[in-house]
Amino acid sequence: MVVSLIVAVSSNGVIGRDGGLPWRLSNDLKHFKKLTMGHHLIIGRRTWDEVGKPLPGRTMVVVTRSRRFASEGVRVAHSLEEALDLARDDDEPFIGGGAHIYRMALEKILVDRLYITRVHAEVDGDTFFPDIKFDAWKLVSEEHHEADERNQHSFSFLVYERKR
Ligand SMILES: NC(=O)c1ccc[n+]([C@@H]2O[C@H](COP(=O)([O-])OP(=O)(O)OC[C@H]3O[C@@H](n4cnc5c(N)ncnc54)[C@H](OP(=O)(O)O)[C@@H]3O)[C@@H](O)[C@H]2O)c1
């Protein structure tokens with residue numbers, strides 16, 4: 001199993017504002033869909049509140065401390081380890097945020113691969129991606145895209161793998 005983390009992050013580290021995404025990037029949503037399709041998508045309860053419904057073709061796993069949380073069409077885990085155990089038959093489960101879940105996954109060294117959409121803009125926000133020590137990671141792919149009418153900012157799709 002390869003555990004992947006997927007995130008879009010601005011030049012100043014922002015990933016969210018007011019519970020949602022602080023940009024409109026149609027190609028990034030398509031990229032996210034293509035990568036995660038058919039896989040487990042592990043997200044925190046607050047990100048779940050924003051997503052609001054199970055994403056088609058993905059097995060959604062919501063991480064919460066609440067023992068009462070339940071929602072149709074999603075699986076529930078009370079730790080990241082439990083979430084990954086639910087995904088044990090998946091060759092590439094995805095950790096899809098938000099900040100609390102990313103931080104926990106990186107601190108516990110549970111992630112093997114990073115799919116980072118680097119949004120080339122300084123953006124106002126209230127939720128930030130944790131600092132990453134990039135010397136522990138090898139950049140294996142990079143693809144640049146310009147802004148256009150459907151993509152508010154220019155951005156790059158970056159893929160990193162943990163150095164062994
Ligand atoms: N740019 C991106 O790629 C991206 C991706 C995802 C999300 N986001 C943004 O990130 C923001 C949300 O992030 P967030 O950090 O506020 O919330 P979050 O990480 O989505 O969810 C936090 C919740 O996870 C649960 N949790 C945290 N630690 C836990 C633990 N140790 N054990 C069990 N459950 C635990 C708790 O749920 P309970 O309170 O229910 O116990 C906590 O409230 C939104 O703005 C969203 O749009 C951005």
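The values are calculated or read from the model by the stated rules, or taken from the named source; none is laboratory data. Just so you know, these numbers come straight off a predicted model, no measurement behind them. Here the Cβ is made from the backbone with ideal geometry for all residues, glycine too, and neighbour counts use every protein chain on show.
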* So E161, is it more than 15 Å from the ligand (Cβ to nearest atom), in a loop (DSSP other than H, G, I, E, B) and not aromatic (F, W, Y) -> no
* Structure fact -> Over the stretch 52-97, the set of residues within 23 Å of D28 (Cα to Cα), within 14 Å of the ligand (Cβ to nearest atom), touching a strand residue (DSSP E or B) at 6+ places or on another chain (Cβ under 7 Å) and without any contact (Cβ under 8 Å) to a residue 40 or more places away in the chain is L55, R58, M60, V61, V62
* Taking D28 and the conditions (1) farther than 17 Å from R118 by Cα; (2) surrounded by 15 or more Cβ atoms within 10 Å (Cβ to Cβ), which numbered condition does it fall short on, given that it satisfies the others? -> (1)
* Asked: Which condition does D49 not pass, out of (1) within 10 Å of the ligand (Cβ to nearest atom); (2) of a type in the set (D, E); (3) touching a strand residue (DSSP E or B) at 6+ places or on another chain (Cβ under 6 Å), if it passes all the others?
  -> (3)
* Asked: Which residues, taken from the stretch 1-46, are within 10 Å of the ligand (Cβ to nearest atom) and of a type in the set (G, A, S)?
  -> A8, S10, G16, G19, G20, G44
* To do: For the stretch 32-54, indicate whether the set of residues that are buried (at least 21 other Cβ atoms within 10 Å of the Cβ), touching an Asp or Glu at 6+ places or on another chain (Cβ under 6 Å) and either acidic (D, E) or modelled with pLDDT of 95 or more (or both) is non-empty.
  => yes
* Asked: Can you pull out the residues in the stretch 99-135 that are more than 16 Å from S4 (Cβ to Cβ), surrounded by 18 or more Cβ atoms within 10 Å (Cβ to Cβ) and near the ligand (Cβ under 7 Å from one of its atoms)?
  -> A99, T127
